[in-house]
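Report on the following structure.
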Amino acid sequence: MLVKLALRNVRRSARDYAVYFVTLLFGVAVFYAFNSIGSQAVLFDFQSHAAGRMLEMTNYFLGLFSVAVALVLAFLVAYANRFIIKRRKREFGTYLLLGMSASKMAAVLSIEMLAVGVVSLAAGLLVGLLLSQGLAFATAALMGATMTHYTFVVSSDALVKTLVCFAVLFVATLVMNVVFVSRRKLGDLLTARAENAQMKNVSLGVRIVGFVLAIALLVVSYVLLWNNKFEQINGPDFLACTVLMVVGTVLLFWSGATIVLTLVRRARGFYFKGLHAFTSRQISSKVGTAFASLSVVCIMLFFALSTVSIGFGVRAIFVGDVEQCTQYDVTMMSRVCPATDSLFYDLPEPVEDSYENRIALSKEHDAATFAAAEASGFDMAADITSRNPAWNDLVKASAQMDYYAEPQMKWGKVLADAGVDAGSMESLSNFATSHVMVMGISQFNAVCELTGKPTYQLAEDQYLVNNTMALSEEVADNMRSKAASLTVAGHELAAAPDEVAVEMRTGAMPDVGLDLIVPDSVIEAMKAQGAVPVCSYLDCMYNCDRAAGDEKLTQVLSDAYPGTSLDSYNDVPVLGVDWPYSNVYEGSEMATQAGGLKLVITYLALYIGFVLLVSTAAILAIQQLSETADSVGRYQRLSSLGCDKGMILGSCRTQCVLYFLLPLVVALVHSAYAVHIMNLGLFSAFGIDPMNGIAITGGFVLVVYGCYMLVSYLASRNVVREACGF
């Protein structure tokens, strides 16, 4: 009997459970899908250990954030459940009045919650399973992995974690409901009626002052952000900007509803048409009484929209053009010697003994590195070949680049000749005091030939500016157009007008910023004056595919330098000195790391944005349903006065749409401005277009926000239709 009554109540109260059901469905689906990422490794043919590690790292971070997601969903479920209980107080009172004991009523409520929980959990898991399969293909695309054998993967770990998490959530909600109902007196339940919240009687003049102040605070906040450009987010200006934005948003919602209502009233032709007067007063009342929660919702929406948009831009910055940056199969780097003693070894006074000891050890290490490099004639490939001839079987072609420092020339002079004020650009202020480093044209052309790029010719009084970083492209253009002068080893050189953008080494993002290429005669003059390479790079192309080449490289280096340890991250032998290499950058490894970083940033941005969006939409939906239930008497009076069904339901629809759109529009304005400033201060410097992130964010809003708005309207319409007898 109790089960039959509970199931009938669920069917009859389906509209009340709609938001509860949708929230649980979204929560379960996303929670399972993102926690199943780690189980998808069986689908991919990973050709390096790094790919598996990056997938594990992604799963680890998503697991950590899932704790916060679970807490947010718990709050949402409790919030939605509170609305359901509030709506059914009189029903519970009627049960008690008819003689049902409190324990049986609690049992009925428990069965109802269990039924809704099981259905929503099952539906959410079904959607989550489908979503996880889509994420598998997305993971493969982001990681650049090959899916050799697709199978429908069910993650047992994610399934158990989801079931345990939501079982605890259901039990906690159930206990809360039972305690609430059992402690209520019969009189309280029977006399419980929904009452409209009343706006405090504040004069129009005060509201106008509040509105003007809100606009002023937001303008000041925007100006501070314009000046800051996210360059110092821990500074007082950024904190003031944030506080002013929050206070201005709250004041905007507090004062805006009354002012808009006043303006609408003055437009009498519109105000007295149809139910516009009723609709405008309803919206004004809703916004005016719930301004605090709407402000919180607006700020959460701002964070949701900004997180996804900026997240995708940041992903592009860190990952960059991976294909362009991994043209070489492997790049080996060695820091041969410091550019100048003063650059590395000036000690502050006084200094600690431990610090002096570290400096002494560093000098000893550098001396050993230099001795090893000098013994091999500063030829990296020759050093390895002399120790293991198998190097020639592995490497098809290679090119070494040696960078030399000009101790008498610093970048400040070069930038000044190019018309660049380094003091006005924070990114160049430290760079201006560093020594200019150059490399020879023959070595540069050898690097170009490795990948089939055209070579360059230089006059004896010219140098080339090679640049692939958007951050320094403007400076490079100025140097070329103004033929900025450069003095190296007594040779006066002027910048050639050729636009050169050649990646010189393997990496995850473009990192060639203002590399200067000089004639070989200048390099010979520097050597004659005692100059030695500050650092050297060796780009190599394998005789085999990259996976096999990387494996053979490890063996070749281990045999060439026996007794060395293996780096735990990329399995490359670690030497006691920095010659002939201190770092090894494998093209496949860098591409994998870039793909893994892209995966982490993408999924975290989507996960955070989705949860915040669901939270705000669910809160708005519950508030809208609660307001509709509180206004039932008003809709009944409209029906009694002769208003037809279309007018009343149209008013309900307009209220629902506007209630959802108001915080969204304000959040969109805030988010668009923040992304624009981020674009000016960061993205544009790296040549990144944030429009992709904005497009994805728009799709998020349409799907999630639109679903909640539709569910909210349908449920509100059913309440109005039932109250008016339509």
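What follows is calculated from the coordinates using simple rules that are stated; it is not laboratory data. Keep in mind the model is a prediction, meaning the values are calculated, not measured. We place every Cβ from the backbone using ideal geometry, glycine too, and count neighbours over all the protein chains shown.
For the reader, a short list of remarks on this structure follows.
- Long-range Cα-Cα pairs in region 367-499 (distance over 17 Å), rounded percent: 68
- The length gained by stretching the chain between Val703 and Lys229 to full extension, at 0.36 nm per residue less their Cα-Cα distance, is 167.5 nm.
- Between Val632 and Glu499, residue separation times 0.36 nm minus the direct Cα-Cα distance comes to 40.7 nm.
- Phi-derived couplings, Karplus 6.51 cos²θ - 1.76 cosθ + 1.60 at θ = phi - 60°, listed residue by residue for region 267-274: 8, 4, x, 8, 4, 9, 9, x Hz, with x used for Gly and Pro.
- Placed amide H near Glu586: partners under 5 Å, 5+ positions off or other chain: Thr331
- Residues whose placed amide H lies under 5 Å from that of Leu458, excluding near-sequence neighbours: none
- Per-residue HN-Hα couplings for region 533-550 [Karplus 6.51, -1.76, 1.60; θ = phi - 60°; Hz; x = Gly/Pro]: x, 6, 8, 9, 10, 10, 8, 10, 10, 6, 8, 9, 5, 5, 4, 5, x, 4
- For region 236-307, the Rg and Dmax computed from alpha carbons only, in angstrom: 15.5, 51
- Applying a DSSP loop filter and a limit of 15 other Cβ atoms within 10 Å to the trypsin sites (Lys or Arg not before Pro) in region 237-296 leaves Lys273.
- Model label sites at Leu658 and Tyr271, defined 7 Å from Cα along the beta-carbon direction, differ in position by 1.3 nm.
- Once the C-beta distance of Val243 and Leu204 is scaled by a Förster radius of 22 Å, the resulting FRET efficiency is 0.20 to the nearest 0.05.
- For region 626-634, the Karplus equation 6.51 cos²θ - 1.76 cosθ + 1.60, evaluated at θ = phi - 60°, returns couplings of 5, 5, 5, 4, 5, 9, 4, x, 5 Hz by residue, with Gly and Pro reported as x.
- A compact globular protein would have a Cα radius of gyration near 2.2 N^0.38 Å; the ratio found for region 597-687 is 1.67.
- The amide H of Val534, built 1.01 Å from its N in the peptide plane, has Tyr403, Tyr404, Ala405 as neighbours under 5 Å, considering only residues 5 or more places off or on other chains.
- The simple Förster model, with R0 at 56 Å and r as the Cβ-Cβ distance, assigns Glu460 and Val665 a FRET efficiency of 0.30.
- In region 426-552, the C-alpha radius of gyration followed by the widest Cα-Cα span (Dmax) gives 15.9, 48 angstrom.
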